[in-house]
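Beneath this line is the structure, given in structure tokens, with notes to follow.
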Amino acid sequence: MYDVVIVGAGIRCKEIEELYKVLGNKCNRGKKYAINEMTNPTRVITSTVKIKGNTMLPVKTQMPVPKCKIFEVVEKIKSIEIELPVKREDIIIKNIAGTRVDLIASKSIS
């Protein structure tokens, strides 16, 4: 899958992946998902952000974030209040909680 060498070890990720035995998957995507879930679980976070005037805006992370960062991301989301107008996919918070993932609007509101 990957042809990345781990510095200092000379091991290719592809070779490491083959050490895992995944059972029950119907395709290679299932194997990839299971290995990722064991080694680096990630999640897309969906939530709402307060808009000045008591309205809420649905938001989500543009890509999955590491599971260990979820609570930090949620705290950042809860701490902000934005103003209108907002267009769908506008960036609400860039690089949220240092994840290199942007929080974006899921809906346009004017």
Long-range HN-HN contacts of VAL59 with modeled amide H, under 5 Å: SER47, THR48, VAL49, SER106
Nonlocal amide H pairs with VAL65, under 5 Å, H built at 1.01 Å: ARG43, VAL44, ILE45
21 Å Cα-Cα threshold exceeded, pairs from LYS32/LYS94; LYS76/LYS107; LYS26/LYS69; LYS60/LYS107; LYS50/LYS94; LYS52/LYS87: LYS32/LYS94; LYS26/LYS69
Rh by Kirkwood over Cα pairs, then Stokes-Einstein D for segment 25-69 at 1.306 mPa s and 10 °C, µm²/s: 125
Radius ratio Rg over Rh of segment 43-105, counting only Cα atoms, Kirkwood formula for Rh: 0.94
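Read the figures in this text as sums done on the coordinates, not as results from a lab. Note that the coordinates shown come from a computational prediction; the quantities given were computed from them, not determined experimentally.
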